[in-house]
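Asks: Before I ask anything, here is the structure I am working with.
The values are calculated or read from the model by the stated rules, or taken from the named source; none is laboratory data. Values in this document were obtained by computation on a predicted structure and should not be read as measured data. Ideal geometry is used to build each Cβ from the backbone, glycine not excepted, and the neighbour counts take in all protein chains shown. Side chains are part of the model used for accessible areas, which takes the heavy atoms of the whole protein and leaves out ligands, DNA and RNA. Shrake-Rupley method; radii C 1.70, N 1.55, O 1.52, S 1.80 Å.
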Amino acid sequence: MQSLKRLVTSRRRDSLIRCTRNLSSLPINSSADDLQDQVLVEGKASSRIAILNRPSALNALNTNIGARLHELYASWEDDPNVGFVVMKGSGRAFCAGGDIVALYHLINEGKIEECKDFFRTLYSFIYHLGTYLKPHVAILNGITMGGGAGISIPGTFRLATGRTVFATPETQIGFHPDAGASFHLSRLPGHLGEYLGLTGEKLSGAEMISCGIATHFSHTEKLPLIEEELGNLATDDPSVIESTLEKYSDVAYPETISALHRIEVLDKCFGHDTVEEIIDAMESEASATNDVWCNSTLKKLKQASPLSLKVSLRSIREGRFQTLDQCLVREYRMSLQGISKQISNDFCEGVRARVVDKDFAPEWEPPSLEKVSDDMVDQYFAPLSESEPNLELPTKQREAFN
């Protein structure tokens, strides 16, 4: 197995070096020392640990972090002394997603090229992780949202805990679930992906293991033991790593209020073709049952950006029939449309209302579903202009495993 990996790795080395050099040359808004500190590294027996280290920002991702992760992971993949890689976060979050406040300010300052660099860098790393040759363990102890899911789900193992909170809340800020979300959400059971992507509702660690987002669940107090045992392993064998994770795994059940206990109703409502039909079905269910979950779901849908709802539903539906690289390339186009303000200002307005000013009263444009035209939605999915390059991924050198 090791000789096979070395053979494949050697064939990829040149393209990896080129890709890493390109990413490392991206504009960086911090000094070299700051960049190093935002991703800390620990070396163990035959593993390396990447620690996201922006605890005051809930380890939110920026171009610096994306470039640094890509550089580290490429070097570890080429290093025969590294058997597997672990990623975790500092403080109370694994990763809260992209640094949307920084993006908000960059957009308002007219620095669109820097925003493009962010998406290009992050999505390129996500593809690298989704094609990684070595086992990967993401320890999701705390907030894991948006891009935080993107940099963990494509890996081999995802360990959730009693502190894990998962969500893809982009429609609530006038955006769309990105960073590969249309790929992994669309592959959840039934229409759970549509529910999570449209409402932005949170999942607990127990819910994550139940629906397959996490591969393992352990109580938080076991983490020091798990990390110690992983650190002592001298292996590149996924089955050995899996045995260690299973040794400390706990059984966890979703609470009675969980959407997973209402999967039949969820599938019936979120299986409809349009957002309008989904909301109509939920309203019928809520009036018939007066169920707390139904009412909460309706509230989330009505708080979200109408345009984002329609764009996100189509994105997840298309993702169901696309590969990881196809989803990332399409999401890159969508993200550039979303920050351009040419279709709508919903992203900046959503970030302003929810995170910057915190008045929680976004003025969406258009303000209602009936005013969202098909042309507006189509524009999100349209090819970029001839002068705007698409996201280029090394699909010939690195074919996705799934």
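Asks: Between a residue in segment 59-78 that is more than 23 Å from K134 (Cα to Cα) and any residue that is of a type in the set (S, T, N, Q) and assigned to a loop (DSSP other than H, G, I, E, B), which pairs come within a Cβ distance under 9 Å, given they are 6 or more apart or on different chains?
Replies: N59/N53; N59/S90; N62/N29; N62/S30; T63/N29; N64/N29; N64/S30
Asks: Pairs under 9 Å by beta carbon, first residue in contact (Cβ under 8 Å) with a residue 12 or more places away in the chain and hydroxyl-bearing (S, T, Y) in segment 344-367, partner assigned to a helix (DSSP H, G or I) and crowded, with 22+ Cβ neighbours inside 10 Å, six or more apart or different chains?
Replies: S344/L307; S344/S308; S344/G338
Asks: Right, here's the next one. Any residue in segment 260-278 that is closer than 19 Å to G212 by Cα and of a type outside the set (S, T, N, Q) sitting within a Cβ distance under 9 Å of a residue that is open to solvent by 60 Å² or more (accessible area, probe 1.4 Å) and not in a helix (DSSP H, G or I)? List the pairs, counting only those 6 or more apart or interchain.
Replies: Hits for this filter: L260/P189; H261/E255; I263/P189; D267/P189.
Asks: Considering only segment 325-352, how many residues are part of a loop (DSSP other than H, G, I, E, B) and touching a helix residue (DSSP H, G or I) at 6+ places or on another chain (Cβ under 9 Å)?
Replies: Of the residues in that region, 4 qualify.
Residue-wise test of (1) in contact with a Pro (Cβ under 8 Å, 6 or more places away or on another chain); (2) under 16 Å from A304 (Cβ atoms).
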position	(1), (2)
P177	no, yes
G180	yes, no
S186	no, no
I209	no, no
G212	yes, no
E221	no, no
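Asks: Which one of these does E283 not meet: (1) at negative phi; (2) within 25 Å of the chain's Cα centre (by Cα)?
Replies: For E283, the exception is condition (2).
Asks: Yes or no: segment 281-292 includes at least one residue that is out of contact with any strand residue (DSSP E or B) (no Cβ under 6 Å at 6 or more places or on another chain), open to solvent by less than 50 Å² (accessible area, probe 1.4 Å) and either hydroxyl-bearing (S, T, Y) or within 14 Å of E201 (Cα to Cα) (or both).
Replies: No - not one qualifying residue is present in segment 281-292.
Asks: Exactly one condition in (1) crowded, with 19+ Cβ neighbours inside 10 Å; (2) outside any helix (DSSP H, G or I); (3) modelled with pLDDT of 95 or more is not met by R314; state its number.
Replies: Here R314 meets the rest and fails (2).
Asks: Cβ-Cβ under 6 Å, sequence separation 6+ or interchain: first residue in segment 162-181 and within 13 Å of E207 (Cβ to Cβ), partner open to solvent by 20 Å² or more (accessible area, probe 1.4 Å) and of a type in the set (A, V, I, L, M). Which pairs?
Replies: As it stands, the answer is V165/I143; A167/M145, since those pairs meet every condition given.
Asks: Residues being surrounded by 24 or more Cβ atoms within 10 Å (Cβ to Cβ) and small (G, A, S): count how many of those fall in segment 97-123.
Replies: Final tally of qualifying residues: 2.
Asks: May I pose another question? Does E399 satisfy the criteria of being open to solvent by 70 Å² or more (accessible area, probe 1.4 Å), over 22 Å from E276 (Cβ atoms) and assigned to a loop (DSSP other than H, G, I, E, B)?
Replies: Yes; evaluated as a whole, the condition is true for this residue.
Asks: If I filter segment 108-119 for residues that are without any contact (Cβ under 8 Å) to a residue 24 or more places away in the chain and at positive phi, do I get at least one hit?
Replies: yes
Asks: Right, another one. Go through segment 146-170 and give me each residue that's surrounded by 23 or more Cβ atoms within 10 Å (Cβ to Cβ), of a type in the set (A, V, I, L, M, F, W, C) and not in a loop (DSSP other than H, G, I, E, B).
Replies: Correct list: A149, L159, A160, F166.
Asks: With (1) crowded, with 19+ Cβ neighbours inside 10 Å; (2) without any contact (Cβ under 8 Å) to a residue 60 or more places away in the chain as the list, and I241 as the residue in question, which single condition is left unmet?
Replies: Of everything listed in (1) crowded, with 19+ Cβ neighbours inside 10 Å; (2) without any contact (Cβ under 8 Å) to a residue 60 or more places away in the chain, I241 misses just condition (2).
Asks: What residue, of P177, P189, is surrounded by 23 or more Cβ atoms within 10 Å (Cβ to Cβ) and not in a helix (DSSP H, G or I)?
Replies: Sole residue among the options that is surrounded by 23 or more Cβ atoms within 10 Å (Cβ to Cβ) and not in a helix (DSSP H, G or I): P177.
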